[in-house]
Amino acid sequence: MADASDYEKAMPRVQEHAARFEKALTEIRATHAGRPAPEVKEALLAAGERYGVRIANEVAQDAAERIADDTL
């Protein structure tokens with residue numbers, strides 16, 4: 001079992017990953033709101049690559065649907 005110090009050591013990497021994901025999401029939300037979900041998903045995955053973050057397929061699909069519906 002990991003102790004609290006292991007989590008504390010990992011937090012900077014986790015926070016950096018989350019920040020890169022947020023940048024990709026914000027960019028695509030601003031440029032693709034209301035567009036078809038498949039187009040949004042493709043753009044989101046590409047943005048993730050540019051920002052150095054791998055976005056899981058399920059996360060990309062959910063985000064794409066919400067951006068397409070303009071509910072995210």
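The values are calculated or read from the model by the stated rules, or taken from the named source; none is laboratory data. Here the structure is a predicted model, which means the values were calculated and not measured. Positions of Cβ are backbone-derived with ideal geometry, glycine not excepted, and every protein chain shown enters the neighbour counts.
On inspection, Tyr51 qualifies as aromatic (Phe, Trp, Tyr) and at pLDDT 95 or above.
Residue-by-condition table, conditions (1) surrounded by 13 or more Cβ atoms within 10 Å (Cβ to Cβ); (2) among the hydrophobic types (A, V, I, L, M, F, W, C):
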| position | (1), (2) |
| --- | --- |
| Arg13 | no, no |
| Glu16 | no, no |
| Ile28 | yes, yes |
| Glu39 | yes, no |
| Ala43 | yes, yes |
